[in-house]
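Quick notes on the structure that follows.
Every number here is computed from the coordinates shown, using simple stated rules; none is lab data. Since this is a predicted model, take the numbers as computed values, not measurements. Cβ coordinates were reconstructed from backbone atoms using ideal geometry, including for glycine residues, and neighbour counts include every protein chain displayed.
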Amino acid sequence: MTRTMGRTPFSSALNATRRTRELEALGDAPDIDVLVIGGGVTGAGIALDAASRGLRTVLVERHDLAFGTSRWSSKLVHGGLRYLASGQFGIAHESAAERHLLMTRIAPHLTRPLAQVMPLYAPGHMSRGVYIGAGFALGDGLRRIVGTPDAVLHAPGPIGRNETLRLVPAVRPEELRGGMRGWDGQLIDDARLVVAIARTAAGYGASVLTRVEATQVSGYGAVLRDTLTGTELTVRARAVLNATGVWAGEVDPDVHLRPSRGTHLVVDAARLGGVDVSLTVPVPGSSSRFVFTVPALHGRAYIGLTDVPADGPLPDVPHATDAEIDMLLETVNTMLAEPLQRSDVISTFAGLRPLLTDARGSEDATSDLSRRHAILESSTGVLSVVGGKLTTYRRMAQDGVDEAVRLRLGGTDAVAASVTRSLPLVGAWPRARLDEIAAPARLVRRYGAEAPFLARLPEGSDAARGVTGRELAWGVRVEGALTVDDLLDRRTRLGLVAADRDASVDAATEALAP
């Protein structure tokens, strides 16, 4: 395996032993270049960008990797179509460019093309088809501009009635005249992406420390507390980057955010015909809002997405409201032959998206900023990386480290430029050659080139939904899982459905045993 296929200079394995060793080393040598606070996709990306430039980097996360918003996404790698519709050509191009990098260089093993099908019903099917087709064509133009080949994402186009029913058989056939089919990227799992980024950062020398809380934070360091032992140590950093997302204001009071909640429903995939495409449904009365289904792990499907203000205290784990559940069901049911009932919803999940405001809470001129990202310098010297979205995490990280280099680390003459555009994550393997990996296809889809190594672990007890004891052991030995929740809620996502969690606790406990 060559470096271009995901090899790192040092071991990328995260586990309890490495965590203890690196905490002890940090106590002995507390002067570092970069301290990153937050273990979501942005923080992990910053740690990778900094470490791969040769900077001594420490990432701390008070919970687990991908504990917050990063695990509650739609699992899509968007190409920027929604931003084209509102005239935001710069961010649309950035989204398409970052999608291209993820699907072709950075993580081809964790991404795949996903067909998006919008059925067209009479009356009005012709005009809606023209409108949707024009949007798809603009998005496809961006795909071509950034160089994503047809073999990765196909060109969009109209499809006939029979093909529409074949692709999305759960839709009602009455008055169906055909459909439009576009293409976008899908993540196998967003939490797996975060873990892969964090492990790659560790493979370039970063210390990735979960269950470590940063307090007394300034632009020159912080007090770190190991939440497992209560031990505290003080680190001195040349640059401190706050990547805590919607919680950024808790680290840096100069950051003012107003969260928006996005909710998804979880249903059995069989209720949607077991399809492997995304059914796209326009929200009644709107020409630019859509609800869509997404095929998911473990025979499930997700239905989303809401976008509503989330006022009040910020919970660690947000929850869907009855109104959001009803809205999603009512919208998707406009196209289903057998409408979904509340009893079909086996779980829900919600994520908080940070929207920038000023100190007075004003939302004037923040809609564009909320879709872009910004690097904000605090009066204390902390650099907060806010806004953006999962697809553009790499660019956010690069810009954050570039700003730290400019303001804190001696300038571009002292620090190397970012290399993450061409840096594959652990497990990366060329998309066209994934079937050459000697391991079960299910494992290759989740672990890429590392699947054969996982397959050689001792068997152990299996969890629910076909998750093997080897996968649980890999989560503990290689992916930094420290608790049952880490294994079930983030490494495997079995915890999303209560019955799956209950059936898997014993196997997860066994995997964590010394």
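Sorting Leu487, Leu26, Leu138 on the 10 Å Cβ count, fewest up front, what's the list?
Leu138, Leu26, Leu487
With viscosity set to 1.306 mPa s at 10 °C, what whole-number translational diffusion coefficient in µm²/s follows for the stretch 257-353 from Stokes-Einstein and a Kirkwood radius over Cα pairs?
115 µm²/s
Through the Karplus equation 6.51 cos²θ - 1.76 cosθ + 1.60, θ set to phi - 60°, convert the phi angles of the stretch 37-43 into ³J(HN,Hα) values in whole Hz; use x for Gly and Pro.
With coefficients 6.51, -1.76 and 1.60, one gets 10, x, x, x, 5, 5, x Hz.
Assuming R0 = 25 Å, what is the FRET efficiency of Thr227 and Arg406, from their Cβ-Cβ distance, to the nearest 0.05?
So, using R0 = 25 Å, E works out to roughly 0.15.
Could you compute Rg(Cα) / (2.2 N^0.38 Å) for the stretch 206-249, with N its residue count?
1.16
As a test, work out the antiparallel percent of DSSP beta bridges whose residues both lie in the chain, rounded to the nearest 5.
Just about 75 percent of them are antiparallel.
Would you kindly state the longest site-free stretch of the chain, with sites defined as GluC sites (Glu not before Pro) in a DSSP loop (not H, G, I, E, B) surrounded by at most 16 other Cβ atoms within 10 Å?
Here the longest run is 176-362.
Looking at the chain, identify the longest residue range that excludes and avoids all trypsin sites (Lys or Arg not before Pro) in DSSP loops having at most 12 other Cβ atoms within 10 Å.
Between exposed loop sites, the widest span is 1-359.
Neighbour counts of other C-beta atoms within 10 Å: give me Phe290, Phe10 arranged from fewest to most.
Phe10, Phe290
Could you run the Karplus curve 6.51 cos²θ - 1.76 cosθ + 1.60 with θ = phi - 60° over the stretch 190-198 and give me ³J(HN,Hα) per residue in whole Hz, x for Gly and Pro?
These are the phi-based 3J(HN,Hα) values: 5, 5, 5, 4, 4, 4, 5, 5, 5 Hz.
Rounded, prolate or oblate, given the Cα gyration tensor of the stretch 422-514, with a/c below 1.5 counting as rounded?
Taking the square roots of the gyration eigenvalues as a ≥ b ≥ c, the stretch 422-514 is prolate.
Among Ala464, Gln398, Leu165, pick out the residue whose Cα is farthest towards the positive end of the charge dipole of the chain, where Lys and Arg carry +1 and Asp and Glu carry -1 on C-beta, about the Cα centre.
Farthest towards the positive end: Leu165.
Just want the ordering: Met103, Met396, Met335, from fewest to most Cβ atoms lying within 10 Å of their own Cβ.
Met335, Met103, Met396
Just grab the label-to-label distance for Asp502 and Ala134, each label 7 Å out from Cα along the Cβ direction, in nm (one decimal).
5.3 nm
Relative contact order for the chain: what percent, with Cα pairs under 8 Å and sequence separation of 6 or more?
Once divided by the residue count of the chain, the mean separation gives 22 percent.
Can you tell me, using C-alpha contacts under 8 Å and at least 6 residues apart, the relative contact order of the stretch 257-353 as a whole percent?
43 percent
Once phi is turned into ³J(HN,Hα) by the Karplus curve 6.51 cos²θ - 1.76 cosθ + 1.60 with θ = phi - 60°, what whole-Hz value does each residue of the stretch 404-420 show in order, with x for glycine and proline?
The phi angles translate into 5, 4, 5, 8, 10, 10, x, x, 5, 6, 9, 10, 5, 6, 5, 10, 6 Hz.
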